[in-house]
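These notes concern the structure reproduced below.
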Amino acid sequence: MVVNMIDLEKSLNNFRKNGFLVSNFQTKEEAVNYLIENLENLTIGFGDSETLKVMNLYERLSLKNQVIDPQNCKSGEGFYEVANKTYGTDIFITSVNGASETGEIVNIDGTGNRIGSSVYGHKKVYFIFGINKIEKDLERAIWRARNIAAPKNAKRLGLHTPCAILGDKCYDCNSKDRICNCINIYLKKMDSTIMEVIIINEVLGF
């Protein structure tokens, strides 16, 4: 995967200007260790994320916390039942579908649990993503979320949408499997919540 030519330092500074706490790590293992050191005896909710999955965050953080992850449902539990439990946890952790050098975040959601829980109801929210998610500006970040991240996620989930089948772009479809039902743009940090952006200098997720 080709990583965009972006000014990482400029991006980090712009996220800070927009009110986010910012951490930058060379590797995903460094980021995992940072989270392990700072999160203990807490309830933690996860948003649906391939990035968190490849970091093995559920397994690592579950050693000293109660982690609720819709991707790790216990026997007899369904996705929506587990997703509902992520509301009101001490911490919420998710990734992003797009980010900009100018300091904005873009997420697309089909059911709303990930976006909903990321904007309100927690002491702190972490957005964790690789440098492959960063585009030059907000317009490109939105384009990326719709035309790169969404098709790959739809395919990962085994959905029958044009974007998942063809894998090339968003078709703005009317499929019952459509996951692009809501696009949320985080222009600034939300007033009520501490928000931290963790950028990893690796290609992670979609």
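The values are calculated or read from the model by the stated rules, or taken from the named source; none is laboratory data. Bear in mind the structure is a predicted one, so any value in this text is a computation, not a measurement. No Cβ is skipped: glycine too gets one built from the backbone with ideal geometry, and neighbour counts run over all protein chains shown. Quick note on the areas: whole protein, heavy atoms, side chains included, nothing else; ligands and nucleic acids left out. Shrake-Rupley method; radii C 1.70, N 1.55, O 1.52, S 1.80 Å.
Calculated [222 nm] ellipticity per residue, helices only, for the chain: -8000 deg cm²/dmol; basis is -39500 (n - 2.57) per DSSP H run with n ≥ 4, divided by all residues, nearest 500.
Hydrodynamic analysis of the range 99-206 uses the Kirkwood radius over alpha carbon pairs. Inserted into Stokes-Einstein at 4 °C and 1.567 mPa s, it gives a translational diffusion coefficient of 89 µm²/s. Among 48, 7, 172, the sequence by solvent-accessible area, most first, with a 1.4 Å probe is 172, 7, 48. In the chain, a dipole from Cβ-located charges (positive for Lys and Arg, negative for Asp and Glu) runs towards its positive end, and of 38, 98, 110 it is 110 whose Cα lies farthest in that direction. Tell me the label only: which of [x] 18.4, 56; [y] 16.1, 47; [z] 15.5, 43 is Rg and Dmax of the Cα atoms in Å as calculated from this structure? Derived directly from the coordinates: [y]. Overall, the accessible surface of the chain at a probe of 1.4 angstrom is composed of carbon and sulfur to the extent of 51 percent.
The phi-based Karplus calculation (6.51 cos²θ - 1.76 cosθ + 1.60; θ = phi - 60°) puts the 3J(HN,Hα) values of the range 163-178 at 5, 6, 6, 8, x, 10, 5, 7, 10, 6, 7, 10, 5, 5, 8, 3 Hz, whole numbers, x for Gly and Pro.
For the range 46-58, 3J(HN,Hα) computed residue by residue from phi via the Karplus equation (6.51, -1.76, 1.60; θ = phi - 60°) reads 10, x, 4, 7, 5, 4, 4, 5, 5, 7, 6, 5, 4 Hz, glycine and proline entered as x.
Across the range 7-16, coupling constants 3J(HN,Hα) worked out from phi with the 6.51/-1.76/1.60 Karplus curve, θ = phi - 60°, read 8, 4, 5, 4, 4, 4, 5, 6, 5, 5 Hz, and Gly and Pro carry x. Computed about the Cα centre, the dipole magnitude for the chain is approximately 280 debye when only Lys and Arg (+1) and Asp and Glu (-1) carry charge, each at its Cβ. Accessible surface of residue 204, taken over heavy atoms with a 1.4 Å probe and every protein chain present, rounds to 10 Å². Taking all protein chains together and rolling a 1.4 Å probe, residue 43 ends up with roughly 40 Å² accessible. Summed over the residues of the chain and divided among them, the accessible surface reaches 48 Å² per residue at a probe radius of 1.4 Å. What fraction of the DSSP beta bridges in the chain is antiparallel, stated in percent and rounded to the nearest 5? Within the chain, antiparallel bridges account for around 25 percent of the total.
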